[in-house]
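See below for the structure under consideration.
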Amino acid sequence: MTNKTLQYLIYNQLYSASMYELLALQAPTKILENQMKLFQEETLNNASYLDRYYQELNTSSYHPIIQEPVNHGSFKKNVYWMLEYESSSTKLFCNESYNANNDEKIKTLTSYISSSIVQRNTKLTNIYINILDEEIKKTSPK
């Protein structure tokens, strides 16, 4: 794995964390706010694991400047956007976990992170479906 790829993986997780922070602020319920905070914490932990690996290779830490998350207008729209972003992230981490040029340590780590992203995406999908279900209930005739 190149340093550039590793830096991108770290950035990816830090950006995800910033989006989950935005989602926590927009969450319509305390339960969803707490769930988004847990997702944020998980992505920050993933970035930390990746940074430890980066430090082993480079004897320094990587601290990128993270672009401010884009607010797509509503909690629902931001959840949908996050589903798309996390889907791309899953592919990225999954590809690195199978890359024959990578050592076993980074393969294991990227495999772990890709599975955690899949789990978050499943939960985000359920949240999105519940939002749509509530909208349907509001607009359906009584």
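The values are calculated or read from the model by the stated rules, or taken from the named source; none is laboratory data. All values reported here derive from a predicted model rather than from experimental measurement. In this analysis, Cβ positions are derived from the backbone assuming ideal geometry, glycine residues included, and neighbour counts consider all displayed protein chains. For the accessible areas, the whole protein counts, side chains as well, though only heavy atoms, and no ligand, DNA or RNA atoms are used. Shrake-Rupley method; radii C 1.70, N 1.55, O 1.52, S 1.80 Å.
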Subject >> Per-region count, segment 63-87, residues among the small types (Gly, Ala, Ser) and either in contact with a helix residue (DSSP H, G or I) (Cβ under 9 Å, 6 or more places away or on another chain) or at pLDDT 95 or above (or both) >> reply: 2
Original post:
Can you tell me which residues in segment 82-111 are in contact (Cβ under 8 Å) with a residue 24 or more places away in the chain, open to solvent by 20 Å² or more (accessible area, probe 1.4 Å) and part of a helix (DSSP H, G or I)?
Top reply: LEU83, TYR85, SER87, THR90, LEU92, GLU96, LYS105, LEU109
**OP:** State all residues of segment 20-43 that are open to solvent by 40 Å² or more (accessible area, probe 1.4 Å), part of a helix (DSSP H, G or I) and in contact (Cβ under 8 Å) with a residue 40 or more places away in the chain; if no residue qualifies, say none.
**Re:** GLU21, GLN26, GLN35, GLU42
Original post:
Just wondering, is there one or more residues in segment 46-55 that are of a type in the set (S, T, N, Q) and touching a helix residue (DSSP H, G or I) at 6+ places or on another chain (Cβ under 8 Å)?
Top reply: yes
Original post:
Residues of segment 51-76 being more than 11 Å from LEU22 (Cβ to Cβ), in a loop (DSSP other than H, G, I, E, B) and without any contact (Cβ under 8 Å) to a residue 12 or more places away in the chain, which ones?
Top reply: THR59, SER60, SER61, HIS63, ILE65, GLY73
